[in-house]
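S.K.: Quick one: structure below, then a few questions.
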Amino acid sequence: MTERTFSIIKPDATRRNLTGKVNAVIEDAGLRIVAQRRIQMTEAQAKKFYEVHAERPFYGELVEFMTSAPVVVQVLEGDNAVARYREVMGATNPAQAADGTIRKLYAESVGENSVHGSDSLENAKIEIAQFFTDADIVG
Ligand code: GDP
C-alpha cells in the first residue's frame, strides 16, 4: 500500500553536509521525497516533537541536539513507506545497524544518529502535520 512517512535529517548530518548522500540512500530504496524543507528547529518544536520521551534521561540532551544546527524535514512516499524507511534508517544505535543503512553509513552515536523516521502510520500523520500542510506535499 502506498503510504507517507515523516523523516528528519538531523543536525549531525546537516553539519557534515550529508543531506544529498542521505537523500541518495532514500531514493535508491525506492522512496520518493514529496516534500522537503530545511529549518532551524525551535526548542518548543523539538520538545513537542519528542514529548513521548519527556521522562527519559536523554530528553534534555536530545532537544539540545535537535536545535543545535539546521535540520531537513521531509515527507517520503512509497510502498509501505513507514516500515521501508525504518529498514533503510537502520537500528537506533549505529553499532547495531545493518550494512548499507543510513545509520550504519553515517550516524555518529545512539543520540546523534543522522535521521528520524516515524514508527507508525498514525504517528507519521501527526508528525507530518507538525511541519507541513497538504499544499506543501506534491506527490
Ligand atoms: P528511533 O525511533 O530509532 O529514532 O529511536 P527512539 O524513538 O528510541 O529514540 C528517539 C531518538 O532519541 C533517537 O533517534 C536518538 O536520537 C535519541 N536517543 C535514543 N536513545 C538515546 C540515548 O540513549 N542517548 C541519547 N543521547 N539519545 C538517545
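S.K.: Would you mind ranking ASP12, ASP99, ASP119 by Cβ crowding within 10 Å, fewest neighbours first?
M.R.: So the ranking, lowest neighbour count to highest, is ASP99, ASP119, ASP12.
S.K.: Non-local amide H neighbours of SER114 (under 5 Å, H modeled in plane, Pro and chain starts lacking H): which ones?
M.R.: LYS10, ASP12, ALA13, GLU108
S.K.: Would you mind telling me which residue in ASN113, ASN123, ASN17 has the biggest mean-square fluctuation in a Gaussian network model of the chain, where springs connect alpha carbons within a distance under 10 angstrom?
M.R.: Among ASN113, ASN123, ASN17, the largest mean-square fluctuation in the Gaussian network model of the chain belongs to ASN17.
S.K.: Where does the charge balance sit around TYR59 when Lys and Arg score +1, Asp and Glu -1, over other residues with C-beta under 13 Å from its C-beta?
M.R.: After counting each charged neighbour, the total is -2.
S.K.: Shape call for segment 38-139 from the C-alpha gyration tensor, a ≥ b ≥ c root eigenvalues: rounded (a/c under 1.5), prolate (a/b greater than b/c) or oblate?
M.R.: Cα axes put segment 38-139 in the oblate bin.
S.K.: Within the chain, how many Lys pairs that are eight or more residues apart, or on different chains, come under 22 Å at the alpha-carbon?
M.R.: Final tally of qualifying lysine pairs is 8.
S.K.: 7 Å from Cα along Cα→Cβ at both ALA44 and SER120: what's the point-to-point distance in nm?
M.R.: The two pseudo-label positions are separated by 2.8 nm.
S.K.: To continue, here is another question. Tell me the relative contact order for the chain as a rounded percent, counting alpha carbon contacts under 8 Å between residues six or more apart.
M.R.: It comes to 38 percent, rounded to a whole number.
FYI, it's all coordinate maths here, none of it is from the lab. This is a predicted model, so every value here is computed, not measured. Positions of Cβ are backbone-derived with ideal geometry, glycine not excepted, and every protein chain shown enters the neighbour counts.
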